[in-house]
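Only one structure is covered here, and it is reproduced in the block below.
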Amino acid sequence: MSSKIPRGVQLPTETKKTGDNVTRKNVAPKVPKGYGQQAGLKEQNQHLMATNEELQKNLSETQQRVAELELQYSDIEKENVEVQKNLRDCHVLLVAANIDPVVGERVGEAARQNEDQRKEVMSVSTNLLNELKVFRDSASQQCARLQEIQPTLTDLTKARERMKQEREDFSQEAAEMEHALKEAEALLL
């Protein structure tokens, strides 16, 4: 059996990846020149057979790993479909119950409560403003009355002081008269 490889020509090297992602070169041994060419070819053939077996083993492991990953992917896809279905069902239930999926509250209820609170605040504010207006008006009237009464009060205070002074003067005069009367009675007796 004759080889079609010319003498002195080196076969190209193969690059392959092993299972642990390390690149390794399989170098075909040089074909010896001259005698022993058949032995060299036999050695080269054994080397190629060993490399082929290793490649077959790696291919088998890779195919097994791909099959496992495809099963996992299929399981994950099924789970994803179920989750999406549950999500749609939950969304339908939330919409049917008039609940906001983000906030978790009833859609109309929150708006109604806000409107009710706003109306209550406006009502209280209006009542307070009305009470303040009534108080201001009442205070203005009282102030006007006090200004009207002030001169009269001043006059009354002055009159009271005059009366007090007159009473004191009268009491003193009466005491003096009584004293004089007693002196006069004592002289008459």
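Observations, loosely collected:
- Within the accessible surface of the stretch 83-189, defined with a 1.4 Å probe on protein heavy atoms only, the carbon and sulfur portion equals 59 percent.
- For the stretch 47-103, with +1 on Lys and Arg beta carbons and -1 on Asp and Glu, the positive-most of N86, H47, Y73 along the dipole: N86
- Which of I99, I76, I149 is most accessible, then next, and so on - probe 1.4 Å: I76, I149, I99
- Ranked from largest, the principal axis spans of the Cα set of the stretch 107-189 equal 115, 23, 8 Å.
- Taking amide H as placed 1.01 Å from N in the peptide plane, I99 has its amide H under 5 Å from the amide H of V107, each at least 5 places away in sequence or on another chain.
- Taking every protein chain into account, the accessible area of the stretch 39-189 amounts to 91 square angstrom per residue (probe 1.4 Å).
- The stretch 45-189: radius of gyration and largest Cα-Cα distance (Dmax), Å: 54.6, 182
The values are calculated or read from the model by the stated rules, or taken from the named source; none is laboratory data. Just so it is clear, the structure is predicted and the values come from calculations on it, not from any experiment. Glycine gets a Cβ as well: all are built from the backbone with ideal geometry, and neighbour counts include every protein chain shown. Remember, those area values only see protein heavy atoms, side chains included, never the ligands or the DNA or RNA. Shrake-Rupley method; radii C 1.70, N 1.55, O 1.52, S 1.80 Å.
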